[in-house]
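Trainee: Structure below; questions to follow.
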Amino acid sequence: MSVGESPFRERTVGEVAATLPGATAVFRRHKLDFCCGGNTALRESAERRGADLAAIESELAALAQSSVPRSAPEDTAALIKYILTHYHEVHRRELPELVKLARKVESVHAEHPAAPRGLADTLQKMVGELEVHMKKEELILFPAMARAVKGMLDMPISQMRYDHDDHGTQLRRIEMLTRDFTLPEGACRSWQALYSGTSKLVGDLMEHIHLENNVLFPRFESGRQT
């Protein structure tokens with residue numbers, strides 16, 4: 001199907017991200033929210049961001065013609081294990097170090113006009129909120145999925161989606177505080193490491209939320225297509 005026939009613009013970004021391998025990288029590059037804002041049509045999402053819809057569709061069309069392998073497993077049990085190992089464990093390992101780096105950069109470069117003031121506190125808040133959220137999934141939701149039928153988990157999944165919206169707000173704040181991870185001229189190694197790490201965190205958490213919101217959760221919600 002040609003780009004001119006608009007194969008993507010009326011589909012939601014979450015659905016495209018869930019079914020077209022490589023689409024999430026395109027959306028991140030154009031700053032489109034495919035995780036918490038996954039229910040928004042691509043056309044509307046691009047308009048909100050002021051992004052080039054034709055360019056995005058062209059990149060998606062190129063992906064659709066390629067044979068990019070899907071990285072996340074199709075099987076539900078395997079998908080949950082993938083989420084635990086690729087995201088839960090990684091967040092727990094990386095976030096505390098980012099808090100330390102942020103506090104160091106904010107302290108050493110306190111007088112610098114580009115210093116990311118408030119970033120350490122934002123990251124510290126995320127440590128606590130993410131830990132509570134992930135524990136709820138690990139101890140309650142994920143085990144329940146092993147024995148649940150569609151529709152039984154609507155309420156707990158709704159709460160997880162609400163948490164994800166909060167996480168999305170924090171990610172946008174991180175992007176604002178770091179000026180989209182733009183380093184000032186002559187930035188020290190710690191500052192470079194901080195922005196590299198926080199950029200990775202944002203990408204990882206967006207992928208994490210996307211896999212749950214748009215791939216895993218719909219398998220157990222009533223009224224949603226799997």
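Trainee: What ranking of Val132, Val127, Val99 comes out by heavy-atom accessible area, probe 1.4 Å, highest first?
Mentor: Numbers: Val132 90, Val127 45, Val99 10 Å².
The ranking, largest first, comes out as Val132, Val127, Val99.
Trainee: What aspartates and glutamates could a cross-link reach from Lys31, if we take a straight Cα to Cα line under 17 Å and drop same-chain neighbours fewer than 8 places away?
Mentor: Once the sequence-local aspartates and glutamates are set aside, what remains near Lys31 is Glu15, Glu44, Glu47, Asp52, Glu57, Glu59, Asp165, Glu175, Asp180, Asp204, Glu207.
Trainee: With each label point set 7 Å from Cα along the Cα-Cβ vector, what nm distance links Thr19 and Tyr162?
Mentor: The modelled label-to-label distance comes out at 3.0 nm.
Trainee: Still on this structure, I have one more. Over the chain, with every protein chain in place, what whole percent of the accessible area is carbon and sulfur at 1.4 Å, could you tell me?
Mentor: Details: 6040 of 11400 Å².
On the chain, the fraction of accessible area on carbon and sulfur atoms equals 53 percent.
Trainee: Within segment 180-207, list the residues whose amide N lies under 16 Å from a label point set 7 Å along Cα→Cβ of Glu111.
Mentor: Under 16 Å, as judged by backbone N against the label point of Glu111, lies no residue of segment 180-207.
Trainee: Full extension from Ala144 to Arg11: what is 0.36 nm times the residue separation minus their Cα-Cα distance, to one decimal in nm? Before the final figure, lay out the partial values.
Mentor: Values: separation 133, 0.36 × 133 = 47.88 nm, distance 3.07 nm.
Gain in length upon complete extension: 44.8 nm.
Trainee: Thr76 to Ser199: FRET efficiency via 1/(1 + (r/R0)^6), r the Cβ-Cβ distance, R0 25 Å, to the nearest 0.05? The partial results should precede the final answer.
Mentor: Details: r = 30 Å, r/R0 = 1.21.
After rounding to 0.05, the efficiency reads 0.25.
Trainee: Treat every Asp and Glu Cβ in segment 92-226 as -1 and every Lys and Arg Cβ as +1, leave all other atoms uncharged, and give the resulting dipole magnitude about the Cα centre to the nearest 20 debye.
Mentor: 200
Trainee: Any chance you could run the full-extension gain for Lys136 through Glu97? It's 0.36 nm times the residue separation minus the Cα-Cα distance, nm to one decimal. Provide the component values of the computation, followed by the final result.
Mentor: Details: separation 39, 0.36 × 39 = 14.04 nm, distance 2.32 nm.
My answer for the length gained is 11.7 nm.
Trainee: State the answer as a single residue: which of Ser196, Pro7, Ala64 lies farthest towards the positive end of the charge dipole of the chain, with beta carbon charges of +1 for Lys and Arg and -1 for Asp and Glu, about the Cα centre.
Mentor: Projecting each Cα onto the dipole axis, the largest value belongs to Ser196.
Trainee: Please enumerate, by chain and number, the lysines with C-alpha under 17 Å from the C-alpha of Lys100, excluding those fewer than 8 residues away in the same chain.
Mentor: Answer for Lys100, where 17 Å is the Cα cut-off: Lys125, Lys200, listed by chain and number.
Trainee: Then there is this: Using a 1.4 Å probe, what is the accessible area per residue for the chain, in Å²?
Mentor: 50
Trainee: How high is the relative contact order of the chain? Use alpha-carbon pairs under 8 Å, at least six apart in sequence, and give a whole percent. Mind dumping the intermediate values first?
Mentor: On the way: 221 pairs, mean separation 57.6, N = 226.
In percent, rounded to a whole number, it is 25.
Trainee: Is there a quick way to get the dipole size of the chain? I mean about its Cα centre, with the Cβ of Lys and Arg at +1 and of Asp and Glu at -1; what is the value in debye to the nearest 20? Provide the component values of the computation, followed by the final result.
Mentor: On the way: 29 positive and 32 negative charges, 67 e Å.
For the chain, the charge dipole is close to 320 debye.
Trainee: Going toward the positive end of the dipole of the chain, with +1 on Lys and Arg Cβ and -1 on Asp and Glu Cβ, which of Pro116, His30, Phe220 do you reach last?
Mentor: Pro116
The values are calculated or read from the model by the stated rules, or taken from the named source; none is laboratory data. Since we're looking at a predicted model, the values are computed, not measured. Using ideal geometry, Cβ is built from the backbone for each residue, glycine included, and neighbour counts are taken over all protein chains shown. These area figures cover heavy atoms from the full protein model, side chains too; ligands, DNA and RNA do not enter into them. Shrake-Rupley method; radii C 1.70, N 1.55, O 1.52, S 1.80 Å.
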